[in-house]
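Before any comments, here is the structure.
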Amino acid sequence: MIEFYRVSKEYQGRRVLRDVTFKTKKGEFLFLTGPSGAGKSTLLKLIFHAEKPTEGQIIVNGMNVSGMPASRVPALRRSMGIVFQDYKLLPARTVLDNVTYVQKFLGVPAAERRRRAYQTLRLVELHHRLAALPEELSGGEQQRVALARALVNEPVLLVADEPTGNLDHRLAGEVMKLLQDISVRGTTVLVATHDQELVKAAGRRCLTLDRGRVVEGLVEAALPSQAATKRADSGRVERAP
Amino acid sequence: MNRPAALAALVSEAFEGLARARRMTSLSVALIAISIGLVGAFFLVAENLKSVVETVRDESTVTVFLKSSSTEADRADLERLAKETRLIARMRRVSPDEARARFSTWWKSLGPAARSLPGNPFPASLEMELDPAAVTSDALLPFLKLLASHGAAEEVQFDVEWIRRLHGAVSLARLTGLVLAVFLTLGAAFTIANVVRLTILLHRDEIEILRLVGAPEFLIRGPYLLGGLVQGFLGALLALALLWVVTRAVLAWVAATKNALLGVFAVRFLPASACLLLITFGLVAGLLGGLLAVRRRNLAG
């Protein structure tokens, strides 16, 4: 699904990511954590080619992203779902339009678009708000619409950047549960968050960014003391937090 | 990808975009209409001047007044000369009696006076109707000189110069229209480019989101490009509609006026070819404007 081989990223001489190597499995749910400015968003941007790596190779869904020409980037992004902290919904469009906007341009017939949108919105329990505008929804609902938009193409990979960052604790829990349900269905889910409570509560594999390097570990739910450390696939081992 | 459905989505998106920014779209269409309307006005003037030239040209007759001493052989010689030049479509002999009768018909109040004269003062003449192409022919002036120098000719009546000047005026109006068309089309293109660019700025977030969710680039740019084309087309249509209204108003005024001079003006609207040309200017302006606006620099998120 996602494979990083010795990936580094520099901004104007400042190295944000150093020698990052990791691999994910199909249907895996994993976290990407680290303090603000650790490079979480940069790593995610590398995955959906919003940034190019300075060094190293990135393979996403079988496609080599590192040297990918601009013309192939839309196809890469359509092969995955992306969820943002600020939802990035089209403000003047209804929930239905937001979820089906790209499908419309890909020539998916209206009836089929509506069917897919209804099914996906049902999954996030917003199938009764098809005609609502984003401003009429709560933050949690908006994030669920964004999640539905990311899922409507049935992606094999879902990348979420601080998906609960703007939500209260209860709504954050709801969104996390949804994301875990999605991974159970076979979608690989990578969630970037700085919320350690959320990570501990989920008890899943966790990639922690520390001064640009990935520190890998497994966090067990309810048993944080048993958090194990192990070597990443590349053999690069550092202690988990 | 289902291309027809994708294209339909692109078209509907372009129209929705124009409708959402309807004030700006209206302003843009109005500015384009003014630009193209000015070009059209020049074409319209040229077209109507051309019709005057055609009217005058069609009625162009060279009149050779004959000396009273001229003989039948002289008249036959003049007719032979005219035939040889191939500039003359038809010829007609007018006798002194016929000339007097015409005078009495045309100038009714002076008719009795003409009839009361002891003799007939009107000379015989030869009326030569010029071939339409003869007015601009280089052979015309030498021919007129030849007629004037003929021993039987008292006077040759034909003013080729003013017809040629009129012809020149038509060409100038057309050329001015075309030069103006180039500049005004560019001006209209910049107007469209700025309107589309403003629309893009208004939808910057939308464009960024579309990119992030994997919308193909041509579908992101397409609606804006198409929006430019539609604005150019609507601007040209509006310009044609305004010109048509102006033409009808002038026509009504000419019909109502009693000025005999305006009788030569058969006011007419632009021919289909000129209308198509103006619409093409609109489309070119729209396409140029759209292309300028959707350059990657402007669409960069």
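Here are the numbers for the structure shown:
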| read-out | value |
| --- | --- |
| Every residue from segment A:98-109 that is among the aliphatic types (A, V, I, L, M), outside any loop (DSSP other than H, G, I, E, B) and within 9 Å of chain B (Cβ to nearest Cβ) | A:V102 |
| Identity of the residue in segment B:12-62, acidic (D, E) and surrounded by 17 or more Cβ atoms within 10 Å (Cβ to Cβ), that ends up farthest from B:L276 (Cα to Cα) | B:E13 |
| Segment A:54-69, residues that are within 18 Å of the chain's Cα centre (by Cα) and crowded, with 16+ Cβ neighbours inside 10 Å | A:I58, A:V60, A:N61, A:V65 |
| One residue from B:S26, B:S68, B:S35, B:S12 being closer than 30 Å to B:E217 by Cβ and away from every other protein chain (no Cβ under 14 Å) | B:S26 |
| Check on A:R116, surrounded by 19 or more Cβ atoms within 10 Å (Cβ to Cβ) and closer than 23 Å to A:M1 by Cβ | yes |
| Residues of segment A:121-135 that turn out to be at pLDDT below 90 and within 14 Å of chain B (Cβ to nearest Cβ), as a count | 0 |
| Condition broken by B:G222, with the remaining ones in (1) part of a loop (DSSP other than H, G, I, E, B); (2) closer than 30 Å to A:A150 by Cα satisfied | (1) |
| Residue that is farthest from A:L121 (Cα to Cα), among those in segment A:148-172 that are assigned to a helix (DSSP H, G or I) and under 12 Å from the mean Cα position of the chain (by Cα) | A:A150 |
| Within segment A:86-97, considering residues that are farther than 21 Å from A:V189 by Cα and more than 9 Å from every other protein chain (Cβ to nearest Cβ), the one surrounded by the most Cβ atoms within 10 Å (Cβ to Cβ) | A:V95 |
| Breaking point among (1) of a type in the set (A, V, I, L, M); (2) surrounded by fewer than 16 Cβ atoms within 10 Å (Cβ to Cβ); (3) farther than 22 Å from A:G212 by Cβ, for A:V83 | (2) |
| Hey, A:A75 surrounded by fewer than 17 Cβ atoms within 10 Å (Cβ to Cβ), more than 23 Å from A:T187 (Cβ to Cβ) and within 14 Å of chain B (Cβ to nearest Cβ) or not | no |
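Table: residues versus (1) of a type in the set (S, T, Y); (2) touching a Phe, Trp or Tyr at 6+ places or on another chain (Cβ under 7 Å); (3) away from every other protein chain (no Cβ under 14 Å).
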| position | (1), (2), (3) |
| --- | --- |
| A:A111 | no, no, no |
| A:L137 | no, no, yes |
| A:P155 | no, no, no |
| A:A172 | no, no, yes |
| A:Q180 | no, yes, yes |
| A:T208 | yes, no, yes |
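The values are calculated or read from the model by the stated rules, or taken from the named source; none is laboratory data. It should be emphasised that the depicted structure is a prediction, and the values quoted were computed from it without experimental measurement. As a convention, Cβ positions derive from the backbone with ideal geometry for all residues, glycine included, and neighbour counts pool all protein chains shown.
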